[in-house]
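J.: Quick one: the structure is below, questions incoming.
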Amino acid sequence: MLDFNCLDNSILPYLSTLTSLKNLSLSYNSLSGWFPPDELATLVNLEILDVSGNEFNAAQTVKGSENILKLKRLETLDLSDNSLNRSMLRVLSKLPSLRNLKLSDNGLQGPFPAEGVLSKLKKLKTLDLDANHFEVSIFQSLTALPSLQNLMLRSNALKDLYLLKVFCIVLFSFYAELAIFKDLETLDLSYNSLEGHLNMTVKLDRNNYILRKTQLENVIFANSFEDYIERLKACPPKETRSGDPNPEFIQWRCYDPIILSWIFSTPTPETMGQIIGHQTSHADCTAL
């Protein structure tokens, strides 16, 4: 362990000779530049690497990908409190053995890199994104990681009416078989600006259709669900022509069951029989 020293990149050539090393912690030093540097890439037996609290600023995409490929045994990586950007995810996707990834306090924002990048991290169980600037749209990217067990998003920019999407996508679907993150054990959304409520104030019965329809439409349009309800977004193929996971299907699989399960929660027991058995939000709303 070499944490909390004043080491800079001049230490790296010496560390590169320790090729049997499995656990290396260099947190809170003065390392800088592209990640991973050439010297660390020689440590092919590394399983745990902590370089949090340094000054790594990004990944040199081609070189970084070549270097990261050498760390085939790496399971835990802590890059918290550096100055990374989202391009780092493309490099990290070359680590299929990765189980624990910490990217907190890097000033990250916006959606993750394109489709298929995160889906390569099939073994990832813990993802720490605390103290960044992510909005609720981040969950669309995270649906590519259905095996997550621990997700940390403290102190980000989650807020407003999107609480409905956060609840449905990340926590629990009203029916377990529709849940996206079935293995999720820990979810930390503290210190954001979430507000609002999920419950409809009026439940649908046989006597209040007009009132209930108006209330339902307001929520649908406020959350941009109308394309699913009106069947403008039908279920796309599961795979692309090349056999890779289809990002459009991943998105559809996320949102349509969410809307469907939410609609299931709105009728009274007496009217539930009209919608039981439907498989899409479009079919459900048509029945209502």
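Read the figures in this text as sums done on the coordinates, not as results from a lab. Values in this document were obtained by computation on a predicted structure and should not be read as measured data. So basically every Cβ, Gly included, is an ideal-geometry build from the backbone, and we count neighbours across all protein chains shown.
J.: Between residue 48 and residue 149, how high is the FRET efficiency from 1/(1 + (r/R0)^6) when r is the Cβ-Cβ distance and R₀ = 25 Å? Nearest 0.05. Write down the numbers at each step before the final one.
T.: Values: r = 18 Å, r/R0 = 0.72.
Efficiency, from the Cβ-Cβ distance: 0.90.
J.: At R0 = 45 Å, how high is the FRET efficiency between residue 183 and residue 8 if r is their beta carbon distance? Nearest 0.05 is fine.
T.: Efficiency at R0 = 45 Å is approximately 0.65.
J.: Something else now. Just order 76-82, 146-152 by mean Cβ neighbour count inside 10 Å, highest at the front, would you? Numbers along the way, then the final one.
T.: Numbers: 76-82: 21.7, 146-152: 18.0.
Descending mean neighbour count gives 76-82, 146-152.
J.: Right, next: Compute the signed sum of charges (Lys and Arg +1, Asp and Glu -1) over the other residues within less than 11 Å, Cβ to Cβ, of residue 186.
T.: Overall, the nearby charge balance is -3.
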